Structures are given as C-alpha cells and as structure tokens.
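Below is one structure, written out as structure tokens, with a few remarks after it.
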Amino acid sequence: MLAVFLALTAFHSQLSGKHVCVRIDNMTAVADIGKMGTSHSRKRNALTRNIWDWCVQHNVFLTTAHIAGKDNTIADAESRKSRKDLEWSLNTNIFENGIGQLGVKPTIDVFASRLNYKIKPFISYQPDPEAEIINAFTVSWQPYLFYAFPPFSLITLVLQKIQEEHSTGVIVVPQWPTQPWWPVLMRMIVQQPLILPRTKQTLLLPTNPDLLHPLHQKLTLLMCHLSGDPSKIKAFHAKLCPSSCHPGDKARNSNTSRISVSGSSTVVAGKLITFQLL
C-alpha cells in the first residue's frame, strides 16, 4: 500500500485527471484500497485514507486489481535491487558544520533521494515522490548554489557540467590526488577545501544506520566550494600568497657547495661546517 501511494505521488503529473488501475500482488492491499479502508489495522486505514485523499485532490479515479506474484516480475525486480552504493549519506552534523565553516547556504541538493537529502528541494536519480526534478544532468545548475555528493564514478562528469554551465556550489569528494579529475577540481576551487572528520559515522546508510561504509578506515572526504565561473576562480587566486619563484623563471642557484670526497669541509648559507670521515 505504501508502494502504491509513493507511485501515485511520484507520477502525479501523468496521472492527474485520469482513471488509474493499480495491479497489486497482495490481496490485503487490494481489498483495503478497493473498500476505501474498513481494515482492523489503524495504520492500514490511515494509509488508505492518504491514498484516497490524494486521489480526490488530483481528480484521479482509482481502481485495484490482483496480479499473481509470479507474473509481477517487473515491479518485484525493482524492489529487490540493492542501491547501497547510491544511498550513502554524509552525517548531518558533519554536513552542517562544514557548510557553516565555508559560510555558504546551498539552495538545492542535486544528488539525493527522500531518504538521504540534506537540502530541499532536491534532485533524485529516479522518480521520487518528494523530488523537485529527476536526473540532475537534465537541468542546468547555474541558477542555484548547489550541494552535490555524487557517486565517485560520476565526479568527472559533474566537474565537466560545472565548467560548461559556469555554475557554483559545494561538492563532497574523496581526497584522491592520483585521480585524473583531481587537477581539474583544484583549478576550480574558490575557497580553501575542508577536510572532513574521518569516523565510523561520517557516512551513513539511511536504511541501515549501523552498517559501516566499506572504506570508512581509509576514506578521507573533502568539502569543496568550487565554481566554473572564471571570474570567481581568478578572484580567489588573487587572494592567495604569491610564489617566491614565478612559473617559467630560471631555477635559483644553490648556495650550498658539495662535500669533497675526503669530507673536508663545505659552506652552508655562509657558515663553515667541518666534516671528518672516520
């Protein structure tokens, strides 16, 4: 019954004003929804009422039909998929402390679900009853100050999208300097990155809070304020301390002479230091 309610709300734009037949492989749910309640269970009655209240508000005529479990392969396949790799969420306290230190207020979460979002509105990767938009790569992030904690495999695409749209926001990524996307990330930051605390509770799985992330012992995360806008990047670089050696200049000569083969003496920074080989 909860699946029916979430499906209706997720696809409300296509269902409003129509006759909808819901095929369910659970006879109790078929009966409760078809009879508009009358169950001995208060929770089921309350859920049935939510379903019909929603149908009235959206002018949906709802009917139910039974489908045998052996024939309900498509829906069952979706519900049995494991999405652990996509649902890991940054600890809320760590998120709020990091955002506070950066001094920014993101306005949208672009990689989230109703289980792990940090900001509303949020964008989900698949139909979600509470999502503002489906699929973050189908819309522009430029109007928002976004927050993104993308799957690690999508970091390159995320940085490319930020550059193309000149958008600005906060992104959480692993501290992996050997990755090909690392130099691109470093060129796009507009504020000193934050190294997030590494604890057992840094990453949480909403459906199983006691489960530890498989990389919790060695995974260090960074929270980076970055932008694809060249003017913002240039303004940040102007605030940095200049290097003592400008790029392209000839390397300075060393003022330390070599130690002789006999180990007699050398001069270091104008001082005579004597070496004696034993």
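The values are calculated or read from the model by the stated rules, or taken from the named source; none is laboratory data. As the structure is a computational prediction, the values presented were derived from the model and not from experiment. Neighbour counts run over all protein chains shown; Cβ positions are idealised from the backbone, glycine included. The area values use the complete protein model at the heavy-atom level, side chains included, leaving out ligands, DNA and RNA. Shrake-Rupley method; radii C 1.70, N 1.55, O 1.52, S 1.80 Å.
At a glance:
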| item | result |
| --- | --- |
| Potential extension, Met36-Thr107 segment - 0.36 nm per residue separation minus Cα distance | 21.6 nm |
| Top positive-direction residue, dipole computed over the stretch 1-80 with Cβ charges, set Ile24, Asn50, His12 | Asn50 |
| Probe 1.4 Å, all protein chains present, accessible-area order of Ser140, Ser13, largest first | Ser13, Ser140 |
| Packing-based ranking, highest mean first, of 59-72, 17-30, 153-166 given that Cβ atoms within 10 Å are counted | 153-166, 17-30, 59-72 |
| Sum of side-chain charges, Trp176 neighbourhood, beta-carbon under 15 Å (Lys, Arg +1; Asp, Glu -1) | +2 |
| Sulfur and carbon atoms: percent of accessible area, the stretch 1-80 [1.4 Å] | 56 |
| Most to least packed among 126-135, 212-221 [average Cβ atoms within 10 Å] | 126-135, 212-221 |
| For the stretch 1-80: rounded, prolate or oblate by the Cα gyration tensor [a/c cutoff 1.5] | oblate |
| Gyration tensor (alpha-carbon) shape descriptor, the stretch 83-191, a/c threshold 1.5 | rounded |
| Amide hydrogen neighbours beyond the local backbone of Tyr125, cut-off 5 Å, H modeled | Ala112, Asn135 |
| Residues of the stretch 17-47 with amide N under 14 Å of a point placed 7 Å along Cα→Cβ from Ala75 | 20-34 |
| Ordering of 231-241, 112-122 by burial proxy (mean other Cβ atoms within 10 Å per residue, highest first) | 112-122, 231-241 |
| Accessible area expressed per residue, the stretch 18-167, with surrounding protein chains retained (probe 1.4 Å, Å²) | 59 |
